Each structure stands twice: as structure tokens, then as C-alpha cells.
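S.K.: I am attaching a structure below and will ask some questions about it afterwards.
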Amino acid sequence: MSTSLSEKFRPKLHLTAKYGWINDPNGLICVDGVYHAFYQHDPNSIRHGPMHWGHASSRDLVNWIQHEVALFPDENGTCFSGCAVETEEGQIKLIYTSHRFDEAGRDFQQQSLVHADRSLSKFEKEPSNPVIKNSGLGCFRDPKVFWHGESGRWIMALAHGATVGQSIGFHSSVDLNNWTFESEFGNEDGRHGSGPWECPDLLPMVAPDGSKHWILVAGIGDEAYAPGSGTMYFIGQFDGKTFTNSNPRETELWLDYGRDYYAAQSFFGAHKDAPLALAWSNNWKYSQQTPMEEFSGLMSLPRHLRLVETPDGLRLGSFVPDAVSGAFPTIDLSSGQAQPPSGTYRLEKTVSLAPGSQVALSLFSADRPQFTFLRDENGRTRIRQVRDAYGDMNEFAHDYDIEAGDLGTFTLEVFVDNGLVELNLDKIIWTTNVYYPDTPGGAVALTGI
Ligand code: FRU
């Protein structure tokens, strides 16, 4: 029996839907030791269509169980992205965007509330939905809610804007039903390409020196660091009403520099000192043209986020939990060559680059390396990453450089799972990219070491 293309590229250690389309992770929450991941889902198509919330759960973040579809479209529209929270009384609520088109065919988005049981198997929509009505914004979606202890209120961050929407709005509430608009951030900060800002997250974090910061994460829909979608973040302060950027407005910080890491969200109620984030490993540029048949779309590995001090200033590092990392067979690259046991493996290698030298990494028995690490005469290192065209996928091919700072010696870590490659230098510079190789378990070579 021949394997379908989608099954050939189905990852072993990443979350996928059994059938149908997925995009953003939604409603990430850990309840009674179980991680729940909902996701944007069309159970009837492998392309983006009327959005439902699919649902999977896991105790170890390695083995995922698929559940019944959790949220279905209703009279308020389809179910766009959103979040989950647990109240002090132990109640579980989902908050999502109801999306429909108005008479003029424009996006019309409002926020809805769902009451769930603790096993997250029963979902009752709030009869007074939508709990936040649209007041005329063209972009008003993707609520991410958390409890802000200092002001004793729930805070919602969401994509916000008159038309395309390139800012994040903040609302507050004491009961999750009645919301007050507080402020808007971002119109003049960070990257403003042609796409919307989407799927925000706002996280309190402590730096190694004990100072407290707030991290605002935002998906940049198009013209991110590389063509198409990407995930940016800001380091700043949040006082319960307003987010203030601590860096100059033009600063651009990226959670991942690759083409396939989007709509990152953290799990509610888990790992307060190092939030755990999950992202959609795809890109709106070409996600509608993937060569998949039974299912389309996959999630990144979960990654803990921590603030780290670097020569360039405070940055977010991303750390794959040990249990997840340990589930990957690690290949030995000490000779510079390795034949992985299958298309699912991990490698780790210390690389030292003298000024003016370079090292190249080639996966899947490819003649041309996908990644080259180059250090210039001034000591600045960059990653050149290339990917060939595939099928009819729009702007899938790329050839661009990622600036990695003054890095002479670094630890290179790579997770490969049937075409999905998540690579990092010292856990700080990450690049996540999907490939469709002839031989997902093909040979690995590191040359120039
Ligand atoms: C981001 C996004 C969200 C929206 C969802 C629709 O990838 O565009 O803004 O809620 O996907 O599926």
C-alpha cells in the first residue's frame, strides 16, 4: 500500500489533526494535570473554511489524544481564535471570536464566552453572546485573557484595528461577561507590513537580574522577518491598562525567524515562571497550497519561554521541555555525518566559528545545505537558510539571512520530524521551517567543522 503524501509528512512527535484543516492553537490550558490544546479546525476540508475548534489533550506533551470537535459555528458566526481560563472557583471558560461577514462582505468579529466542565468535554455557549459586540472595528479578534492580580481584573489582549488592524487592544473585566476598553498599543511600534497583527499574548516575566517585565507577543500576518507570517514580541511594562514598550519603537524582536512559526500562544495556568508556548507551523503565504490529502497543518513543539541576557540586551529564549526533547532519538554527529533511524530525530552539536569561517548543515540527503552558519571578519554571525520551491506553493522557496549577533561558539540544536525542522542556536535564535523532502529520514551532514 502506498503512503499518501500527508501521511509521509505526518510528524510523530508534533500535534496534528487526524483529518481536516488546522491553523492556530486556541484555548491552551492545563487542568488537573492534563494539557488541553484546541485549534482552528475545519473538519470537512483540508483548506481553511468555516472555523470550528478541534480539541486534543495530553498528559506529557508527547502523546496527544484527539477529542470530538469542541465548538461549532452558530448564529453569531464561525469560531475564530481565542483562549481558555480557569477562575478562582475552578470554573473553565473559553473566550473566542465569533466571525461572520457583514452585508458589504466585510469581516465582522465579536467576542463570545463558553462555559466548560473541568474535563473539557461539555461546552455551553453563554446565552448573552457576543459578550463584546463589535463597535465598528474591521479587525477585532483573537482574545487572550489572563488574571491581572495587581488590579484584580481579567485582562484581554486582542487584535485591534479600524481596517487591517496592526495594533493590540486591551480590555478589562471583573466577571468575564462585562468588558471595558482600556487602551491600544503598537500603531507606531515594531513591524508594520501589509498583513494584520493577530493572536496576541501578554505574559509577566522575570529577567535573570530579578527585574520584572511584560512580554507582548503578536503574530505579524504578512511581511514579517521573512516573507509571509511570523511572530514578533515586545519587552515592556503593563500597568493593568496600558502596555509601554521598553525598547525604541523601531526595535523588532522575533520569537522565531523561520517561515513556519505563527500564532504562538501560551498555556493558561501552567509554568508561571516559564510560560509554555505552542505555535502553528505554517504560513498564510502558502498554507492553502500544501500537498496534503487527509489532513493539513501541524503545531510546533511546545517551548518554555524565559528571559535571557545577551550581548544585544534582554531576549526571549525558548526551551523544549525535557520530556519532549527526550522523546526524540538523538543522532551522533561527531564525525560530521549521520544516518538517522527515521525521519524523526534530534541533534545537538557545539560549533565554533572563527571570524571569516562557515559551517553548513544539510538534512534529508540534500546536495545543497539548508542552513549555513557564517561568521564575518567583524565577528557577526548569521544563518543563511535556503528552501527550494515545492509544487504550486506560493513563495515557498526562500534564500535569506538571519542575523545571530556576535556568536563565536554556540550550541546548535535541531529537531526534525518528517520534514518539520526546528533549529536553534543557544536556545535564543530559533528558525522553524517545513520541508517536503523525498527522503525525510535521509542523511545528515555538517561540513566545515
Ligand atoms: C491567524 C488567524 C486569526 C483568526 C484565525 C482564523 O492565523 O487569521 O487572526 O482568528 O486565524 O482561522
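The values are calculated or read from the model by the stated rules, or taken from the named source; none is laboratory data. All values derive from a computational prediction rather than experimental measurement. Cβ coordinates were reconstructed from backbone atoms using ideal geometry, including for glycine residues, and neighbour counts include every protein chain displayed. When the accessible area is computed, the model is the full protein with side chains, heavy atoms only, and any ligands, DNA or RNA have been set aside. Shrake-Rupley method; radii C 1.70, N 1.55, O 1.52, S 1.80 Å.
S.K.: Filtering segment 342-371 down to residues that are among the hydroxyl-bearing types (Ser, Thr, Tyr) and open to solvent by less than 20 Å² (accessible area, probe 1.4 Å), which residue is nearest to VAL414 (Cα to Cα)? Break it down into steps so the answer makes sense when it comes.
M.R.: Keep residues of segment 342-371 that are among the hydroxyl-bearing types (Ser, Thr, Tyr), which gives 342, 344-345, 350, 352, 357, 362, 365.
Right, trim to open to solvent by less than 20 Å² (accessible area, probe 1.4 Å) and you get 344-345, 362.
Numbers: THR344: 11, TYR345: 8, SER362: 12 Å.
Restricting to residues being among the hydroxyl-bearing types (Ser, Thr, Tyr) and open to solvent by less than 20 Å² (accessible area, probe 1.4 Å), the top hit is TYR345.
Table: residues versus (1) part of a strand (DSSP E or B); (2) over 28 Å from the mean Cα position of the chain (by Cα).
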| residue | (1), (2) |
| --- | --- |
| LEU307 | yes, no |
| GLY379 | no, yes |
| ARG382 | yes, no |
| GLU395 | no, no |
| GLU403 | yes, no |
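S.K.: Shifting gears a bit: If the Cβ limit is 7 Å and pairs must be 6+ apart or interchain, which residue in segment 12-26 that is touching a residue at least 40 places away in the same chain (Cβ under 8 Å) and over 15 Å from MET51 (Cβ atoms) pairs with which residue that is open to solvent by 10 Å² or more (accessible area, probe 1.4 Å) and not in a loop (DSSP other than H, G, I, E, B)?
M.R.: Qualifying pairs under 7 Å: HIS14/LEU298; LEU15/LEU298; THR16/LEU298; LYS18/GLN66.
S.K.: Go through segment 395-427 and count every residue that is surrounded by fewer than 18 Cβ atoms within 10 Å (Cβ to Cβ) and either not charged (D, E, K, R) or not assigned by TED's automatic domain parsing to the domain that holds ASP376 (or both).
M.R.: 7
S.K.: Also: Checking ASP209 against (1) open to solvent by 70 Å² or more (accessible area, probe 1.4 Å); (2) within 20 Å of GLN265 (Cβ to Cβ), which single condition isn't satisfied?
M.R.: Going through the list (1) open to solvent by 70 Å² or more (accessible area, probe 1.4 Å); (2) within 20 Å of GLN265 (Cβ to Cβ), ASP209 breaks only (2).
S.K.: Another question, if that's okay. Hey, among the residues in segment 186-203 that are farther than 19 Å from THR97 by Cβ and in contact (Cβ under 8 Å) with a residue 40 or more places away in the chain, which one's most open to solvent (accessible area, probe 1.4 Å)? Steps first, please.
M.R.: Within segment 186-203, the subset farther than 19 Å from THR97 by Cβ is 187-194, 203.
Applying the additional criterion that residues be in contact (Cβ under 8 Å) with a residue 40 or more places away in the chain yields 188-191, 203.
Numbers: GLU188: 129, ASP189: 8, GLY190: 17, ARG191: 58, LEU203: 15 Å².
This residue is GLU188.
S.K.: Considering each residue of segment 16-31, count those that are crowded, with 23+ Cβ neighbours inside 10 Å and on the phi > 0 side of the Ramachandran plot, and give that number.
M.R.: Residues in segment 16-31 being crowded, with 23+ Cβ neighbours inside 10 Å and on the phi > 0 side of the Ramachandran plot: 1 in total.
S.K.: Step by step: first the residues of segment 86-106, then only those that are modelled with pLDDT of 95 or more and more than 16 Å from the ligand (Cβ to nearest atom), then the one that is surrounded by the most Cβ atoms within 10 Å (Cβ to Cβ). Which residue is that?
M.R.: This residue is ILE92.
S.K.: Another question, if that's okay. Within segment 108-136, how many residues turn out to be over 19 Å from PHE181 (Cβ atoms) and within 16 Å of the ligand (Cβ to nearest atom)?
M.R.: The first filter runs over segment 108-136 and keeps only residues over 19 Å from PHE181 (Cβ atoms), leaving 114-127.
Filter once more, so that each one left must be within 16 Å of the ligand (Cβ to nearest atom): 114.
Of the residues in segment 108-136, 1 are over 19 Å from PHE181 (Cβ atoms) and within 16 Å of the ligand (Cβ to nearest atom).
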